[in-house]
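The values are calculated or read from the model by the stated rules, or taken from the named source; none is laboratory data. None of the values given here were measured: they were computed from a predicted structure. Backbone-built Cβ (ideal geometry, glycine too); neighbour counts: all protein chains shown. Heads up: the accessible areas ignore ligands, DNA and RNA and are worked out on the full protein's heavy atoms, side chains in. Shrake-Rupley method; radii C 1.70, N 1.55, O 1.52, S 1.80 Å.
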Amino acid sequence: MTLPRLSFLGTGYLGATYAICFAELGYDVLGVDVDEVKIATLASGRVPFHEPGLDDLLRRNLAAGRLRFTTSYQEAAGFADVHFICVGTPQRADGMSADLTYVESAVTNLAPLLHRRALIVGKSTVPVGTATWVEQLVAKLSDPALGVEVAWSPEFLQEGYAVEDVLRPNRIVAGIKSTWANELFRAAHKGVFDLAATEDRDVPLVVTDFATAELVKVAANAFLATKISFINAMAEVCEVAGADVTQLARAIGYDPRIGNRFLQAGLGFGGGCLPKDIRAFQARAQELGAGEAVRFLHEVDLINTRRRGRVLQMAAELLERPAGPAGPNLSGTKVAVLGAAFKPNSDDVRDAPSLAAAAGLAAAGAEVRVYDPQAMENARREQPHLTYAPTLTDAVEGVALVVVATEWAEFRNADPVLLGGLVAARRVIDGRNCLDPAQWARAGWTYRGMGRPPA
Ligand code: UGA
């Protein structure tokens, strides 16, 4: 059986990663975007964001002729049997609901140009009900004689592990309506199933209705966000009780019903997904009359935001600057913030707790110097008023406080003795609980972790 040809509409993080990885699996792939710069960058063999392993795969598959990029929807319509919608669904100005403009324009651009039967598979994270709306839009805009169909298949990839997550997913979920669509969807994922078979693994395919598929995605992200906020709530209690949340997390995580992953207390979750997804979920549930059912997500969000403020409070305590009526005053103090990306192995600074903490310290009057191994360019664009240091040593030179805000290996493995020789005072806030308190204390540092007793 010949493999179907695939197009990926939208070559942002999701679409570019999928296009490249599916070419690697042997498919003929076309990446489509209205952004000419993005398309030119990808076509020249450069990935416009940091994702380990992706650059090599891009170049290999461009060279093999399996992967091309275009700004032409006309070309996409003529080329592919399966079109994946991978455009963004950002947060609207209301700070809660999802903006579906890009989904609408991808469908509106493609559907009228189709001249043979095709399957349109939505991958973007969307409010429940969107797939049905897209199906109606496609029915209105495409030639009815063609029988174009829609499916919805959410994605679960994690930045920093995206190649592995796409090639070796732990499950594939799809809202599918007909046998024809089911067979074509499976053919479009044959490469993933075949790879699993050669490695003696199983990739479960969960076929559902549209609404369930859409909800699986937001439910998964809501659960992960809740798990992180749960452990951060425990961190707050640990702080006042003199307990250690890292030991607590380890101890509860041994229970397989709880599991030990996503129990890392610290500055909380950020990025382009978890924060916006839990808000959009609340907005959509409210619209549907089930707002009460997910009201706890509001609390999850509040706990998360509180962690960012806690760094400022801790800094004021450590620097012995009691808060005035307008909050702590840190003027005249130099602080290094290590990390700008929302998590390690990424250059993504969207809703990054690290930058929020840095901005909070700067707003309180501190002279803040930020360093990140990968995200400097994006950070500068996001927070232009902050000062950036080119290296870790430049960042910590002469500071009165070091804040570790993203757990990059460069910071986890940093030598506290060496850094101790560069700073003006040995104080460290470990915003990700990624350092060894005893090692830093031995090197003469006053150590504060999140939800841990002082060392
Ligand atoms: C998240 C989900 O994990 C993916 O499954 C999903 O596909 C993706 O969103 C999406 O919707 O596209 P991602 O945003 O890449 O993936 O990042 P995560 O690894 O989930 O981390 C999110 C945030 O939580 C980071 O800021 C991280 O530092 C924080 N985190 C994570 C914690 O504070 N504690 C933990 O224990 C784990």
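Remarks
- Exposed loop sites were defined as GluC sites (Glu not before Pro) in DSSP loop states (anything but H, G, I, E or B) carrying at most 13 other C-beta atoms within 10 Å; in the chain the longest segment without such a site runs 1-198.
- Fraction of accessible area attributable to carbon and sulfur, the range 178-243 (%, probe 1.4 Å): 64 percent
- MRE, 222 nm, helices only [DSSP H, n ≥ 4, -39500 (n - 2.57), over the chain, to nearest 500]: -13000 deg cm²/dmol
- Per residue, the chain exposes 43 Å² of accessible surface when a 1.4 Å probe is rolled over the protein heavy atoms with every protein chain present.
- Helix axis angle, 179-188 relative to the chain longest principal axis, alpha carbon, degrees: 60 degrees
- Helix 54-63 vs. the chain, principal-axis angle (Cα, 0 to 90°, nearest 10): 30 degrees
- For the range 266-394, alpha-carbon Rg relative to the globular expectation (2.2 N^0.38 Å, N residues): 1.19
- Accessible surface of the range 1-124, 1.4 Å probe: 50 percent of it comes from carbon and sulfur atoms.
- Environment charge at ASN260 (Cβ cut-off 13 Å; Lys +1, Arg +1, Asp -1, Glu -1): +3
- The trypsin sites (Lys or Arg not before Pro) found in the range 222-305 that occupy coil by DSSP, while having at most 15 further C-beta atoms within 10 Å, are ARG257, ARG261, ARG295.
- What the Cβ-Cβ distance of ASP394 and ALA425 gives, at R0 = 22 Å and to the nearest 0.05, is a FRET efficiency of 0.80.
- Accessible area, probe 1.4 Å, largest first, for residues LYS217, LYS343, LYS38: LYS38, LYS343, LYS217
- Ligands, DNA and RNA left out, the 1.4 Å accessible surface of the range 335-455 is 48% carbon and sulfur atoms.
- The chain - Kirkwood radius from inverse mean 1/r over Cα pairs (Å): 23.6 Å
- Calculated SAXS-style log₁₀ I(q)/I(0) at q = 0.11, 0.13, 0.16, 0.20 Å⁻¹ - the range 102-225, Debye, Cα scatterers: -0.40, -0.56, -0.83, -1.18
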